[in-house]
1. Placing unit charges on C-beta atoms (Lys and Arg positive, Asp and Glu negative, everything else neutral), compute the dipole magnitude of the range 132-223 about its Cα centre in debye, rounded to 20.
2. Reachable aspartates and glutamates from Lys68, Cα under 17 Å, same-chain residues fewer than 8 places away excluded?
3. Tilt of helix 97-115 relative to the longest C-alpha principal axis of the chain, in degrees (0 to 90, nearest 10)?
4. Taking a ≥ b ≥ c as the square roots of the Cα gyration tensor eigenvalues, with a/c under 1.5 meaning rounded and otherwise prolate when a/b beats b/c, else oblate, which class fits the range 101-173?
5. Exactly which chymotrypsin sites (Phe, Trp or Tyr not before Pro) in the range 45-79 are in a DSSP loop and have at most 14 other Cβ atoms within 10 Å?
6. Ranked highest first by the average count of other Cβ atoms within 10 Å around their residues, in what order do 186-197, 63-74 fall?
7. Just in the range 176-255: which chymotrypsin sites (Phe, Trp or Tyr not before Pro) are loop by DSSP and have at most 11 other Cβ atoms within 10 Å?
8. How big is D for the chain, in µm² s⁻¹ as a whole number, if Stokes-Einstein is applied with the Kirkwood radius of its Cα pairs at 37 °C and 0.692 mPa s?
Amino acid sequence: MLQTSQIESAAKSAGPVDRALQGAIAVILRALARVLLRHGVSYPAFADLAKRAYVEVARDDFGIPGRKPSISRVAVLTGLTRKEIDKLFDSATGPDSETAERYNRAARVVSGWVRDADFADGSGQPMTLALNEGAASFAALVRRYSGDMPARAVLDELLRVGTVEKLEDGRVRLLARAYIPRTSDADMLAILGADTADLIHTIDHNLQRENEPRFQRKLMYDNLPREAVGKFRELSAARAQGLMEYLDGWLSQHDRDVNPASEGTGRIRAGLGIFYFEEDLASQGKTIEEKLP
């Protein structure tokens, strides 16, 4: 294991790209550490997760073509000992596919409810739906946008995260125009992992200059009055939601799960992510004690 003096020496001798990468990692880790500490995750627990991630990626993404992944190669790539890797090699697992599938199916149902004219009222807004009766029922919506998933299971999921509510007459009303697990910390944290990973994958792709660049933009001003920020928060949310609904309608016409008649080859996952950010720079001069809740 490298001692502190060795790490500092390595940082000083690093080239511009290495220093830039170390600086980027430090920024990412500070943001991540804030989440981890707020949820009671200690450094040793984080270190174990990082070690497992290194083993998984070295094993799955950096193997030699035509050869079975080996502990020796993973040790060379990661700098971990063979003993450490041996404990993790067979037990390393991928992302929570069950959570991802639940998220995708529920999101498709909500987006279909928002944009499909068959489930809209006279003003074009999502209707309050009967559970099973009629062509424009919640069960029909689920059949159209979530395949063979039971309507009851989708309803329970949307109720659980606060996206819909069930009225006294048994009908179902949409509360949010997107699947956002407002009442579930576990699902919000799953989105933290999935969405952050997508952003990092895009930046990593763009860093490999031989690839066709993927869209990656950010808009920011850093001397705004509080009153303007409140207006921008509302404006950006409305415009971004409109763009997402437009693109969702286009993509759904080409997705085979929603439109089995869609033609073409391969199976590609693609999309666009938009997020809002805000930081009070006037409070940056406060001490750590003043910032703690």
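1. The dipole of the range 132-223 has a size of about 280 debye.
2. Output for Lys68: Glu56, Asp60, Asp86, Asp90.
3. With rounding to tens, the tilt is 40 degrees.
4. rounded
5. Passing both the DSSP loop test and the Cβ count: Phe62.
6. Going by the mean number of other Cβ atoms within 10 Å, highest first, we get 186-197, 63-74.
7. Phe215, Tyr221
8. Reported coefficient: 141 µm²/s.
The values are calculated or read from the model by the stated rules, or taken from the named source; none is laboratory data. Bear in mind that the values here come from a model prediction, so they are computed numbers and not experimental data. We place every Cβ from the backbone using ideal geometry, glycine too, and count neighbours over all the protein chains shown. Calculation scope for accessible area: heavy atoms of the full protein, side chains included, ligands and nucleic acids excluded. Shrake-Rupley method; radii C 1.70, N 1.55, O 1.52, S 1.80 Å.
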